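Only the coordinates and a few stated rules stand behind these numbers; no lab work does. Here the structure is a predicted model, which means the values were calculated and not measured. Neighbour counts run over all protein chains shown; Cβ positions are idealised from the backbone, glycine included.
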Amino acid sequence: MNDSVRILIVDDELIVRESMQGWLEEDGYHVEVAETAEVALGMIGEKEFDIAFLDIKMPGIDGIELLKRLKDQYVTIDVVMMTAYASVDNAVEAMKIGAYDYLTKPFDPDYVSMMVRKIMARRQLEQENVRLKENIETALKHVHIIGESSAIQAILKQVEEVASSDTSVLISGESGTGKEMVARAIHYASPRRFEPLVVVSCGALPEGLVESELFGYERGAFTGAFYKKKGKFEAANGGTLFLDEIGELNAKMQVDLLRVLQEREITRIGSNKSIKVDFRVLAASNRNLKEMVSEGTFREDLFYRLNVFNIHVPPLRERVEDVPLLVEHFISTLRRQTGKQVEGITAQALNKLKQHGWPGNVRELQNAVERAFVTAKGKLITTDELAFLTPEKIPVMTSPSLSLADIEKMHIENVLKECDYNISMGAKVLGIDRTTLYNKMKKYGIEK
């Protein structure tokens, strides 16, 4: 509403004060006037104004000196200078001090009205940006890694150490341990936190569309390219690119990624124009990339480019002391989302969760708590709601003769059997997307 906008006009000429006051009040603004700088300073000390129009040449304190005082003491006021004597030198001096613009008498009422609208539109945008940043800062306080184990405390320290730099970070750990949460914590604690965090699940990218998804394309670049599209690299410009499941990238894309990281520029498909990009890269893998380098399935130069700083997230079974805090967090979140008054968990049920092996790690625990929460009859989750957690249904693989791939295959098979081969449900339990699950089923030859 215009009537909430307060404008002050300072000019020693009565006709100017009255004319401008009349024009702007017709537009619905609240307008006050002062004939000298001294009177204006007294008014500004008692009231708040959004915009001030100041005449440069006035008896006593002139407009330039008044501008300096306003900018020193009342920095939120937008100031427009006025004069009957057009002077480039005066204009330059006023703009350097902080004036928004410069008007030469006589004024066009429509131009003055347009100027006020532009100033208020800019002020509103700035206020919205401030609110947005405040909201983001509030949200960032909730991006935290839950746990009190020494392993989690060590990770928190590493995040704090590396967040302020642009160093590449490789986050390792089994599926479902919270590698993406670590990446988010790094991004939101970094100087790039107000810029985008773009997450790319390398294992979920369709084989034939990897290049177009990452690099983008121009209209007509291939059949079906009806419009140009930015790729993930461009979308992350100014912010952070998180490459999840980096070990799933094929050989060609590993070469292309390395080139982008070295040259910091990309070319869209169908274009010959290079585009500069500036982003920080974080990567994660549940596979042993060092072994893949030895086997020749992952480029050594790309590995060292990504693995400048390494953070390893241990499996949940190695930090059982974090289970109670995680369970409490999941229950609290579900209660807030659903309104169902489940207040906690019995000691026996919590003990059962702590004793379980959790091959699917934190995401599997979260899924189990959600399932128990939904079926809970009272205010506490009991062992009855956790009956599905039996060693027969979800065995814990501990044989030293089994490779990590063997354990992953057996776990996927067990989860799929428990979910009656419902791919969507199985992917949710495993903490991966459907495409990644299909790819793993194909890799291990798992069929219904």
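Name the shape class, rounded, prolate or oblate, that the alpha-carbon gyration tensor gives for region 1-75, where a ≥ b ≥ c are the square roots of its eigenvalues, rounded holds for a/c under 1.5, and otherwise prolate holds if a/b is larger than b/c and oblate otherwise. Because a/c hits 1.5 or more and a/b fails to exceed b/c, region 1-75 counts as oblate.
Sort region 230-293 into rounded, prolate or oblate with this rule: let a ≥ b ≥ c be the square roots of the eigenvalues of the Cα gyration tensor; rounded if a/c is under 1.5, and if a/c is not under 1.5, prolate when a/b is larger than b/c, oblate otherwise. Prolate shape, in that a/c is at least 1.5 and a/b is the bigger ratio. Simple point charges give the picture: +1 on the Cβ of Lys and Arg, -1 on the Cβ of Asp and Glu, and for region 2-136 a dipole about the Cα centre of about 560 debye.
In units of the rule-of-thumb radius 2.2 N^0.38 Å, region 288-366 shows an alpha carbon radius of gyration of 1.61.
Only one residue of Phe279, Gln355, Gly238 has its Cα farthest out toward the positive end of the dipole of region 237-388, where Lys and Arg carry +1 and Asp and Glu -1 on Cβ, and that residue is Gly238.
Taking every DSSP beta bridge that has both ends in the chain, the antiparallel portion is near 10%.
Given +1 at the Cβ of Lys and Arg, -1 at the Cβ of Asp and Glu and no other charges, the dipole of the chain around its Cα centre is 2260 debye to the nearest 20. Under a Gaussian network description of the chain, with springs only between Cα atoms under 10 Å, the residue in Ile311, Ile381, Ile15 that fluctuates furthest is Ile15.
Computed over the chain, relative contact order equals 12 percent, with contacts defined as Cα pairs under 8 Å that lie 6+ residues apart.
For region 316-394, the relative contact order is 36 percent, taking Cα pairs closer than 8 Å that sit 6 or more residues apart in sequence and dividing their mean separation by the residue count. Peptides 214-224, 104-114 ranked from most to least packed give 214-224, 104-114, packing being the mean of other C-beta atoms within 10 angstrom over each peptide's residues. For region 2-136, the orientation-averaged shadow of the C-alpha convex hull comes to 8.3 nm² (one quarter of the hull surface). Altogether, the Stokes-Einstein calculation at 25 °C and 0.890 mPa s, with the Kirkwood radius of region 150-312 over Cα pairs as Rh, returns a diffusion coefficient of 151 µm²/s.
The Kirkwood hydrodynamic radius of region 300-448, based on inverse pair distances between different Cα atoms, is 16.9 Å.
Taking a ≥ b ≥ c as the square roots of the Cα gyration tensor eigenvalues, region 397-448 comes out prolate, since a/c reaches at least 1.5 and a/b is larger than b/c. Cross-link pairs exceeding 26 Å in C-alpha to C-alpha distance, out of Lys157/Lys232; Lys354/Lys448; Lys290/Lys440; Lys276/Lys443; Lys157/Lys379; Lys179/Lys354, comprise Lys157/Lys232; Lys354/Lys448; Lys276/Lys443; Lys157/Lys379.
Translational diffusion of the chain, estimated by Stokes-Einstein from the Kirkwood radius over alpha carbon pairs at 25 °C in a medium of 0.890 mPa s, is 91 µm² per second. Against the main long axis of the alpha-carbon atoms of the chain, helix 404-418 sits at an angle near 90°. In the chain, taking the dipole from charged Cβ atoms about the Cα centre, the farthest positive-side position among Ala189, Leu404, Gly28 is held by Leu404. Dividing the mean sequence gap of close Cα pairs (under 8 Å, 6+ apart) by how many residues region 397-448 holds gives a relative contact order of 25 percent.
Report the Cα centroid-to-centroid distance between region 193-268 and region 1-58 in angstrom, as an integer. Value for the Cα centre distance between the two parts: 54 Å.
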